[in-house]
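None of the figures in this text is laboratory data; all of them are computed from the coordinates on show. The model shown is predicted, which means the values in this text are computed figures rather than measured ones. When we count neighbours, we look across all protein chains shown, and the Cβ atoms used for this are built from the backbone with ideal geometry, even at glycine.
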Amino acid sequence: MNDVALLADLHRRQERQGPGGDAETQLAITLAGLSRARSLRIADIGCGTGASTLVLARTLDADITAVDLLPEFLEDLRQRADGEGLGRRIVTHCASMNDLPFEPASLDAIWSEGAIYNIGFETGIQAWRRFLKPGGILAVSELTWLSNERPDELDEHWAKEYPEVATASAKLGVLEAHGYSPIGYFALSERCWMDNYYLPLREQLDAFLARHDNSDAVRAIVALERAEMSLYERFSAFVSYGYYVARKQ
Ligand code: SAH
């Protein structure tokens, strides 16, 4: 197995593949002013196994296209959706987020939790804007500094891994610069990282190692996951995912 297949094998067993929470997705839906009052067309980009897709499908009268690069995740999403009787409202589509299959001005909302960093926040929000109808909603979560000053170790790590990390006010400015009106912002709580993401993942690591005979590649992946968790646990006061809800102008 190559590294991507190994990562898929580790993460597909999880309810979510990044920090988040059902209540937080609901809060973003509320901030966006979306309800069952009308039927909607929504895309969930970098959907993973569908944590946010399922909340959207349960809450709204919506036809949802769930897009991800990894077919394994989409298979699991399909099973979860069918298991809840929501399958009819969700189409899965295996594609890259920089090559999306939508018609211009065809979507009421674009959702993307913990995924836009794969192409970068600024590139992503620019590229996706044309798929939204006028007044359409963008709801994305993105790595965000919670304060202006940070410990060097944290700064240096993210400067290397994701230099686009910035404060919420800077991210809101990027949205405004690219034709969106911000409607709401909140930071994900520590519970979204630890209880919903890292702790369940940590419980899987020993079985993951055993399943792949403690190979060098698997041990390297586990070491990286543990280092990332430790960094978050030590510095959770300074960094989180910000959830940004904005309207296309
Ligand atoms: N939204 C999900 C998954 C977040 S993890 C959740 O919150 O649980 C990031 C997701 O982005 C993964 O599922 C990964 O497969 C997907 N991804 C990575 N690069 C991508 C790309 N270029 N295009 C589409 N999806 C991508």
For L143, L69, ascending order of other Cβ atoms within 10 Å (fewest first) is L69, L143
Determine the dipole magnitude for the chain: charges of +1 sit on the beta-carbon of Lys and Arg, -1 on that of Asp and Glu, nothing else is charged, the reference point is the Cα centre, and the result goes in debye to the nearest 20. 1040 debye
What dipole magnitude, in Debye to the nearest 20, does region 123-249 give about its Cα centre under +1 on Lys/Arg Cβ and -1 on Asp/Glu Cβ? 860 debye
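Equivalent ellipsoid semi-axes for the chain, as square roots of 5 times the alpha carbon gyration tensor eigenvalues: give them largest first, rounded to whole Å. Intermediate values should be presented prior to the final figure.
Numbers: eigenvalues 158, 109, 49 Å².
Its equivalent ellipsoid spans semi-axes of 28, 23, 16 Å.
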Restricting to Cα pairs below 8 Å that are 6+ residues apart, what does the relative contact order work out to for region 1-87? Please round to a whole percent. 29 percent
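Suppose only helical runs count, i.e. DSSP H with n ≥ 4. What mean residue ellipticity at 222 nm does that imply for the chain under -39500 (n - 2.57) per run, divided by all residues and rounded to the nearest 500 deg cm²/dmol?
On the way: 10 runs with 108 residues, N = 249.
One gets -13000 deg cm²/dmol as the mean residue ellipticity at 222 nm.
Among DSSP bridges having both ends in the chain, what percentage is antiparallel? Round to the nearest 5. Walk me through the numbers on the way to the answer.
Values: 16 of 37 bridges.
Looking only at bridges with both residues in the chain, the antiparallel portion is about 45 percent.
Report the calculated FRET efficiency for R219 and S39 (r = Cβ-Cβ distance, R0 = 51 Å), to the nearest 0.05.
Numbers: r = 49 Å, r/R0 = 0.96.
Computed FRET efficiency for R219 and S39: 0.55.
Counting other Cβ atoms within 10 Å of each Cβ, which GluC sites (Glu not before Pro) in region 52-133 have at most 15 and sit in a DSSP loop?
Values: sites: E72, E75, E84, E113, E122; in loops: E84, E113.
Those that pass, being in a loop and sparsely packed, are E84.
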Taking Cα pairs closer than 8 Å and at least 6 residues apart, the relative contact order of the chain in percent is 24 percent
Eligible lysines near K160 by straight Cα distance, threshold 30 Å, same-chain separation 8 or greater: K171
If one computes the Cα centroid of region 1-53 and of region 173-216, what distance in Å separates the two points? 11 Å
With point charges of +1 on the Cβ of Lys and Arg and -1 on the Cβ of Asp and Glu, referenced to the Cα centre of region 126-249, which listed residue (F235, A166, A207) lies farthest in the positive direction of the dipole? A166
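How would you classify region 1-93 from its alpha-carbon gyration tensor, with a ≥ b ≥ c the square roots of the eigenvalues: rounded for a/c under 1.5, else prolate if a/b is greater than b/c, otherwise oblate?
Working: a/c = 2.32, a/b = 1.75, b/c = 1.33.
In terms of gyration-tensor shape, prolate.
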